[in-house]
Each structure stands twice: as structure tokens, then as C-alpha cells.
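To keep things clear, I will list the structure first and then write my remarks on it.
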Amino acid sequence: MTDNHHPPSSSNTLWGDIKASLAGTELDFTKGSIGRAILILSIPMVLEMFMESIFAVVDIFFVSKLGADAVAAVGITESVLTLVYAIGIGFSMATTAIISRRIGEKNKDAASRAAVQAIFVCIVISIPIAVIGIFFSKSILGLMGANTLIIEELSSYTAIMLGGNIVIMFLFVINSVFRGAGDAAIAMRVLWIANGINIVLDPILIFGLGPFPELGIAGAAIATTIGRGIGVGYQFYRLADDKGRIKILKEHLVVQTDILKKMVRISIGGISQFLIATASWIALVRIIAEFGSIALAGYTIAIRILIFSILPSWGMSNAASTLVGQNLGAGQPERAEKSTWISALINMVFLGSVGVIFMIFAENLVQIFSDDPEIVDIGARCLRIISYGYLAYAFGMVIIQAFNGAGDTKTPTLINFICFWLVEIPLAYFLAITLEWNEEGVFYSIVIAESLLGVIGFILFRRGNWKKTKV
């Protein structure tokens with residue numbers, strides 16, 4: 001797709017655009033080639049999310065050497081942290097919508113003021129969570145069903161992770177500031193720095209390598225918190241830098257209730273979206289568990305493969321969110337809509353191709369994680385069945401993020417509620433238990449619910465009410 005506003009140059013090649021996306025660019029995403037804008041925005045967003053997913057994998061890898069109880073302590077703590085993630089993701093959606101709108105309006109000063117309000121929100125929310133985590137970690141583990149050994153000897157992990165939750169909040173929300181402004185490369189580098197430090201510190205602090213003391217599971221929490229903390233330090237460094245789209249000055253450091261109210265209003269929908277999706281996933285796992293550990297293992301492996309496969313799709317969806325916000329701010333709703341359709345088409349081509357790979361090589365992929373023939377059979381069937389809905393899923397995830405980018409988080413929340421709670425969960429139970437389709441009933445319910453999400457999203461997006469959302 002050529003740029004009608006600027007003549008082609010040597011830097012406007014595919015390789016040049018890839019390098020620009022990784023290095024950062026001052027490209028105005030409200031002009032020129034939409035395809036190029038999607039490419040430049042999505043590459044660092046994909047890599048950012050990939051690095052975010054590595055945090056938990058690295059911790060589990062090293063903590064697993066300490067025994068099953070240590071792994072259980074990490075798993076329980078991660079489930080509690082889901083609340084922190086929900087709040088962080090919700091405010092991230094609100095922040096991206098507001099920042100991208102201000103950038104599209106060419107009002108960098110207002111964008112910087114909004115960024116400060118987002119930081120204030122992180123501080124206010126994280127303090128009570130930290131206090132509860134530090135002083136009541138044992139009680140939290142007890143409520144979650146942990147055994148006595150975990151409660152008495154491994155609660156330090158929970159206390160440190162919840163006590164330092166502010167770095168998680170900052171990573172989510174400040175990176176959404178950069179993404180909304182179009183500085184996706186900065187958000188990517190933040191996660192690379194944080195992960196690199198975590199990977200180095202984890203074994204050193206857990207096992208006491210060299211002059212460092214052996215801290216066990218507490219070392220994993222300290223390593224992760226330090227890694228994220230240094231990543232946050234880099235975020236603040238870039239917010240004070242003259243070169244970025246967002247620059248925070250002393251005069252911006254004031255509370256502005258009008259912006260805060262907007263953030264809270266928009267973020268409620270974002271938080272609800274995440275909690276609805278998470279709760280539905282837990283319900284599906286509960287239904288699958290009825291058919292034994294082999295069915296659950298096959299399903300878990302398949303879902304891990306599926307989640308990894310859609311990382312690039314989330315990058316494209318987030319790119320669509322930024323483009324919608326910026327183009328609405330620039331008074332170009334038609335370009336915002338066109339950006340969404342193009343992003344959706346690209347995503348459908350990508351995930352459709354992945355779906356074909358799953359249909360052909362399902363067994364081979366599951367065998368990477370297990371050589372049990374029964375687990376491989378169930379995991380392969382799960383991959384094949386869910387891949388039937390990949391085209392609809394690819395379309396739906398872009399549409400949902402487009403609504404969020406416009407600041408309309410209520411519509412995706414309603415869509416999620418209908419598709420996941422009113423359709424997916426009851427249908428999974430009906431097909432799996434009542435009709436005795438067993439685990440396949442759950443797999444088909446996912447396909448049907450995700451396809452319905454795409455259809456409803458298409459209808460509501462075409463109506464265009466999202467273009468009138470005030471942010």
C-alpha cells in the first residue's frame with residue numbers, strides 16, 4: 001500500500017519499516033499508508049506482550065527446582081494477582097483511549113497531563129493492595145486453600161509480589177501511555193529490560209549464586225520486582241525525555257479531576273471485560289475437570305499453544321486501538337474505521353493460516369509438551385476444533401480493541417457478557433454434560449461463542465456509535 005502523502009524513499013521499504021518500528025519513529029499515524037502504520041505499531045507491541053508472558057514462565061522454571069509446594073505458592077499468588085492485572089489492564093485501556101485521542105488532536109500538552117493522572121491512579125490503587133499483601137499474605141493463602149507449609153514458610157513470595165504491585169500497575173499503565181502516543185517501541189524496550197534483569201537475578205537470588213544469599217522462593221519475588229522496578233525507572237526516564245511524543249513537566253504534576261473521572265468511567269468497562277473473560281475461562285476449566293486429569297492436561301497444553309499463537313494478533317489489535325483513537329482525535333472517523341477493517345483483514349489472514357497449521361500438525365505440536373498418547377489425542381482435538389473459529393476470533397479481537405481505542409469500553413463488556421457468560425458457559429455445560437459430548441462439548445462451545453462475538457461486534461461496529469464517544 002503506497003503513501004499518497006509522501007513520495008516513496010529507501011526508508012519506506014518493508015525492511016526499513018521493520019527497523020523503524022523497533023527503533024521508534026515520529027511517523028504521524030493519522031496520515032499516509034494505513035498498512036504501514038499497522039506494521040510499524042504492531043511489531044513492537046507483539047514483542048512487548050511476548051516478553052510480558054515470559055515473566056511467569058521464567059519464575060516457574062526456576063521455582064520448580066524448589067519443589068511442588070513452591071510452584072503451588074507461585075500459582076496461587078498469580079491467581080490473586082489477576083485482580084491487579086484486571087485493574088491495570090482496565091486503566092490501560094482508558095489511558096490508551098485518552099492519550100491516543102489527544103495525540104490525534106495534536107495536543108501533546110493535554111496528553112502529558114492525562115499521563116500524569118494515570119500515574120496518580122496507579123499510586124492511589126496500589127497502596128491499599130500493598131498493605132493488604134504485606135500484612136495479610138498468610139490469610140490470603142489460607143483463603144485460597146494453600147496447605148500449612150505454604151502458609152507458614154512460603155508466604156514471603158505472596159507478600160513481596162503484592163507488596164510491590166505498584167511496579168506491575170506502572171508497567172501496564174505507563175506502557176499504555178507510550179502505545180497510545182504511538183511510541184510502541186519504548187513500551188517494548190521497557191519489557192526487554194525488565195525481563196532481562198529478572199532472568200539474570202532469578203537464579204542468583206533463589207539459589208544464592210556467588211556472594212548472594214540463598215533466598216529461595218522469596219528470591220524469585222525480589223528478582224521479578226527488581227526487574228519490573230528498573231523497567232519502571234526506564235519508563236519515567238523516557239517520560240522526562242525531550243525526544244518522545246509525551247514529555248512530563250513540573251506544571252503537569254497536578255490533580256485534574258475531570259480527566260480522572262473520564263479514566264475511571266472508561267476503565268470500569270475495561271476491568272469488567274478482563275474479569276468476565278477470566279471468570280469464563282475458570283468455569284470452562286471446572287467443566288473440563290469433570291472428565292479427569294488427562295482431559296485437563298490435554299486442554300491446558302492446547303490452550304497454551306493457542307495463546308502463544310495469538311500473540312501477533314494482539315499486537316495487530318492493539319495497533320488498531322491506537323489508530324482508532326488517534327484518527328478520531330484528528331477528526332477522521334472514516335480513516336479510523338478503515339484502519340480497523342484493514343487490521344481485521346490482516347489478522348484474519350494470519351490466524352487463518354495458523355488454523356490450517358493446527359489442523360495439519362496438531363499432534364506434532366502437542367507432542368512437544370507430552371508423549372502420553374491420550375493427552376496428545378485430546379490436545380490435538382482441542383487445537384483442531386478451536387481453530388475452526390479462528391477467522392471469527394481474529395475479526396472479533398480487532399473489533400473489540402477498536403471499541404476500546406475509541407473509549408467505548410461498555411460495548412465490548414456487554415458483548416463479552418453475552419458471549420461468554422450467557423452463551424459459552426451454559427452451552428459448554430449442556431454439550432459436555434447433558435449431551436455427553438465430554439471435553440469436545442467445551443471445545444465447540446468456545447468456537448460458537450467466539451464466532452458469535454465476531455458477528456455481534458461486526459453489527460455494532462457498523463452502526464458507528466463508537467465514533468461519537470467522548471473522551
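The values are calculated or read from the model by the stated rules, or taken from the named source; none is laboratory data. Owing to the predicted nature of the structure, the values given are computational and were not obtained by experimental measurement. Using ideal geometry, Cβ is built from the backbone for each residue, glycine included, and neighbour counts are taken over all protein chains shown.
Taking the range 32-60 as the range and being out of contact with any helix residue (DSSP H, G or I) (no Cβ under 8 Å at 6 or more places or on another chain) and at pLDDT 80 or above as the test, the residues that pass are Gly32, Ser33.
A count restricted to the range 177-211 and to residues that are at pLDDT 95 or above and aromatic (Phe, Trp, Tyr) stands at 2.
Here Arg335 meets the list (1) closer than 30 Å to Arg102 by Cβ; (2) free of Cβ contacts under 8 Å to residues at least 60 places away in the same chain almost entirely, failing just condition (2). Of all residues in the range 51-70, those being surrounded by 15 or more Cβ atoms within 10 Å (Cβ to Cβ), within 27 Å of Val190 (Cα to Cα) and among the hydrophobic types (A, V, I, L, M, F, W, C) number 7. Annotation note: of Ala428, Ala392, the sole residue that is under 22 Å from the mean Cα position of the chain (by Cα), farther than 19 Å from Phe274 by Cα, in contact (Cβ under 8 Å) with a residue 60 or more places away in the chain and in the same structural domain as Ala279 (by TED's automatic domain parsing) is Ala392.
Among residues of the range 104-118 that are not assigned by TED's automatic domain parsing to the domain that holds Val177, none has a Cβ under 8 angstrom from a residue that is among the aromatic types (Phe, Trp, Tyr) and in a helix (DSSP H, G or I) at a sequence gap of 6+ or on a separate chain.
If we scan the range 134-155, do we find a residue that is of a type outside the set (S, T, N, Q) and within 30 Å of Ile43 (Cβ to Cβ)? Taking every residue of the range 134-155 in turn, none turns out to be of a type outside the set (S, T, N, Q) and within 30 Å of Ile43 (Cβ to Cβ). Restricting Leu141, Leu162 to those that are at pLDDT below 95 and either in the same structural domain as Gly216 (by TED's automatic domain parsing) or in a helix (DSSP H, G or I) (or both) reduces the list to Leu141.
On the basis of being within 30 Å of Ala94 (Cβ to Cβ) and either free of Cβ contacts under 8 Å to residues at least 24 places away in the same chain or outside any loop (DSSP other than H, G, I, E, B) (or both), does Phe361 make the cut? No, not satisfied.
Look at Ala110 and say whether it is surrounded by fewer than 24 Cβ atoms within 10 Å (Cβ to Cβ), touching a helix residue (DSSP H, G or I) at 6+ places or on another chain (Cβ under 7 Å) and at pLDDT 95 or above. Taking the combined requirement at face value, the residue satisfies it.
The requirement of being in the same structural domain as Gly229 (by TED's automatic domain parsing), of a type in the set (Gly, Ala, Ser) and not in a helix (DSSP H, G or I) is not satisfied by Gly88.
Can you spot a residue in the range 240-251 that is over 30 Å from Val471 (Cα atoms) and in a loop (DSSP other than H, G, I, E, B)? Walk me through it before giving the result.
First, pick out the residues of the range 240-251 that are over 30 Å from Val471 (Cα atoms): none.
No.
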